[in-house]
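K.L.:
Next up is a structure, given as structure tokens.
Laboratory data are not the source of any read-out in this text; all were calculated from the coordinates shown. Values in this document were obtained by computation on a predicted structure and should not be read as measured data. Virtual Cβ from ideal backbone geometry, glycine too; neighbours counted across all protein chains shown.
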Amino acid sequence: MDIIRRIPVLVWFLIPTVLIVGVGVWFFSKGAAGNVDETKPLAVSKPVAGVAEFKIVGRNHVPVGTVVKTYNSNPPTSGPHWPSPAKNGIYDSQIPDEQLVHNLEHGYIWVSYRPSATESAGISDDDKKKLGAIVAGDNWKMIMTPRPQDDSKIILAAWGRLLKMNDLDIDKIKEFIKVYRNRGPENTPD
């Protein structure tokens, strides 16, 4: 008989405790996720001057080989992309935009440049070496590729953001990397 009297006291204590903890966890997790507007890049405390922000146009996977034509920036900063990102590093040949958008989703910085035989149309060999030195010196979540479709000689891309320049500005490039790297919607250790 003693055991039967103790059961209601335990039940009345445990049930409200579990409910309160459950509601608290739900409330705080919902509040954090509910404040994020997924159509905009993640906010930063001090944006870099000259950086253009673009509406996030999705982040769904498409089959490898699919050519996406719905990007809203050149180069793209969000949108449908292939399931596997590229390995970080410096490339001498172009990588498909659809693969590099996946890197941006993971918080990478994509440094692209317009190659050319003449300096007036594209980046000089000297500037290419300087860009390469920046990427090689700090290659965590960094990719550098040539991209003939670029409408500026040098473009830095992050998730939802672009910085375009025709003259190399090393300080501005380092600031862009510092502010926008690892700001994609998927945080990965790579």
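K.L.:
Starting at the first residue of region 164-181, write each ³J(HN,Hα) from the Karplus equation 6.51 cos²θ - 1.76 cosθ + 1.60 with θ = phi - 60°, in whole Hz, x for Gly and Pro.
P.N.:
Each residue's phi maps through the Karplus curve to give 10, 8, 9, 10, 5, 10, 4, 4, 5, 5, 5, 5, 4, 4, 4, 7, 10, 5 Hz.
K.L.:
Using 7 Å Cα-to-Cβ label points, what is the ASP126/ASP151 separation (nm, one decimal)?
P.N.:
2.9 nm
K.L.:
Using the 10 angstrom Cβ neighbour count as an exposure proxy, how do TYR113, TYR91, TYR71, TYR108 rank, fewest first?
P.N.:
Sorted ascending by nearby Cβ count, the order is TYR91, TYR71, TYR113, TYR108.
K.L.:
Test of understanding: ordering ASP126, ASP138, ASP97 by Cβ neighbours within 10 Å, fewest first, what list do you get? Please report the intermediate quantities before stating the final value.
P.N.:
Values: ASP126 10, ASP138 14, ASP97 23.
Result, fewest neighbours first: ASP126, ASP138, ASP97.
K.L.:
Continuing with this model, one more query. What ³J(HN,Hα) values, in whole Hz, does the Karplus curve 6.51 cos²θ - 1.76 cosθ + 1.60 give for region 97-114 when θ = phi - 60°, with x put for Gly and Pro?
P.N.:
3, 4, 7, 6, 4, 5, 4, 4, 4, 8, x, 6, 9, 10, 9, 10, 9, 8
K.L.:
Report, by chain and number, residues whose modeled amide H sits under 5 Å from the one on TRP82, excluding near sequence neighbours (fewer than 5 apart, same chain).
P.N.:
VAL62, GLN99, HIS102
K.L.:
Please report PHE176, PHE13 as a ranked list, fewest other C-beta atoms within 10 angstrom at the top and most at the bottom. Working shown, then result.
P.N.:
On the way: PHE176 23, PHE13 10.
Placing the least packed residue first, the sequence is PHE13, PHE176.
K.L.:
If Rh is defined by the Kirkwood formula over all Cα pairs and Rg also comes from Cα, what ratio Rg/Rh do you get for region 82-146? Before the final figure, lay out the partial values.
P.N.:
Details: Rg = 12.1 Å, Rh = 12.2 Å.
Rg/Rh for region 82-146 comes to 0.99.
K.L.:
While we're looking at this one, here's another question. So, in nm, how far is label ASP190 from label ILE20 when the simple model puts each one 7 Å beyond its Cα toward the Cβ?
P.N.:
The modelled label-to-label distance comes out at 4.6 nm.
K.L.:
Could I ask something else about it? Using the Kirkwood radius over C-alpha pairs as Rh, can you work out the diffusion coefficient of the chain via Stokes-Einstein at 20 °C, viscosity 1.002 mPa s, in µm² per second?
P.N.:
Values: Rh = 18.8 Å.
It diffuses with D of about 114 µm²/s by this estimate.
K.L.:
Hey, can you rank 63-69, 163-169 by average C-beta count inside 10 Å, highest first?
P.N.:
Values: 63-69: 10.3, 163-169: 15.6.
Averaged packing, sorted descending, gives the order 163-169, 63-69.
K.L.:
Shifting gears a bit: Which value in Å does the Kirkwood hydrodynamic radius of region 113-190 take, with 1/r averaged over all unlike C-alpha pairs and then inverted?
P.N.:
Numbers: mean 1/r = 0.0759 Å⁻¹.
Result for region 113-190 stands at 13.2 Å.
K.L.:
Beyond 25 Å between alpha-carbons counts as too far, so tell me which of LYS69/LYS164; LYS69/LYS130; LYS129/LYS172; LYS46/LYS164 fall in that bin.
P.N.:
Numbers: LYS69/LYS164 21 Å; LYS69/LYS130 32 Å; LYS129/LYS172 17 Å; LYS46/LYS164 18 Å.
The answer is LYS69/LYS130.
K.L.:
Also, I was wondering about something else. Say a paramagnetic label sat at a point 7 Å from the Cα of SER116, along Cα to Cβ; which residues of region 139-162 have their backbone N under 18 Å from it?
P.N.:
145-156
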